[in-house]
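Chemist: The structure is given below, and queries will be raised subsequently.
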Amino acid sequence: MEQTAERIQLQRITERSASDGRRKRVFLVCFFLGILLGTIIGNLGLLETSQDTDGWVYEKVWDKGISRLGFGNVAVPNSTWRLQPGSMEKFLYIGKQRMGEGLAIWLFSLTVCAVPIFWILAVYLGFSLGWVVVCYTAKLGLLGLAGFFLSCFPQWLLYLPAWYLFIWQGLNPPARLRVVPSLLALGLFCLGAGVEAYWNPIFLRLLS
């Protein structure tokens with residue numbers, strides 16, 4: 001009887017591990033599919049966007065000329081607001097945006113349909129990444145790749161582990177409140193907002 005119980009338990013662990021692997025593989029497939037779609041649509045110019053006088057995609061927020069692409073985590077070279085030195089106003093705005101994203105993802109991870117939601121989110125993230133890179137390279141050529149990475153540095157060193165924690169929660173049902181990972185991820189979003197507000201302009205000036 002004990003051996004039978006051990007075999008059943010081992011079989012359940014194996015099935016659970018295989019199921020976790022499938023969810024993660026589907027997430028990665030959705031992410032790369034999103035990158036492909038974003039790249040194709042960006043190159044074909046099928047996505048309607050607003051443009052400034054130089055033809056660069058932008059969205060004005062608070063009438064300060066903040067340039068946003070995709071999730072708003074990158075800034076275009078001619079974004080004067082993002083090039084300005086860090087300030088409390090900038091930190092509060094970016095922090096509000098990032099914490100809002102983090103709280104939304106956290107709530108999604110607590111739902112019973114978290115896994116398909118995160119698969120859809122993977123497509124959106126991949127699409128945003130592919131489309132933004134196309135916009136940068138269309139504007140700056142090969143230097144656009146360097147411009148893209150500079151626009152994300154160094155805040156994404158904090159955002160990436162925060163996103164990983166939320167994605168890990170969403171792809172590992174059953175949905176339940178995981179206090180420590182959630183607070184850690186939100187803390188990383190908050191720190192990333194500070195880095196984005198005060199340090200990122202230093203790197204953005206390299207593009208100007």
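The values are calculated or read from the model by the stated rules, or taken from the named source; none is laboratory data. Please read these numbers as outputs of a predicted model, since none were measured by experiment. Positions of Cβ are generated from backbone atoms using ideal geometry, with glycine treated the same way; all protein chains shown enter the neighbour counts. The area values use the complete protein model at the heavy-atom level, side chains included, leaving out ligands, DNA and RNA. Shrake-Rupley method; radii C 1.70, N 1.55, O 1.52, S 1.80 Å.
Chemist: Among (1) over 24 Å from Cys30 (Cβ atoms); (2) over 17 Å from the mean Cα position of the chain (by Cα); (3) surrounded by 14 or more Cβ atoms within 10 Å (Cβ to Cβ), where does Leu183 come up short?
Modeler: All conditions are met except number (3).
Chemist: When you scan the range 125-164, how many residues do you find that are assigned to a helix (DSSP H, G or I) and buried (at least 17 other Cβ atoms within 10 Å of the Cβ)?
Modeler: 25
Chemist: Now, a different point. Based on what the data block shows, is Tyr198 at pLDDT 90 or above, farther than 27 Å from Ile120 by Cβ and open to solvent by 60 Å² or more (accessible area, probe 1.4 Å)?
Modeler: yes
Chemist: Please work out which one of (1) under 17 Å from Leu121 (Cβ atoms); (2) surrounded by fewer than 16 Cβ atoms within 10 Å (Cβ to Cβ); (3) not hydroxyl-bearing (Ser, Thr, Tyr) is the condition Ile167 fails and give its number.
Modeler: Condition (2) is where Ile167 drops out.
Chemist: Further question on the same structure: Among the residues of the range 169-208, how many are hydroxyl-bearing (Ser, Thr, Tyr) and assigned to a helix (DSSP H, G or I)?
Modeler: Number satisfying all stated conditions: 2.
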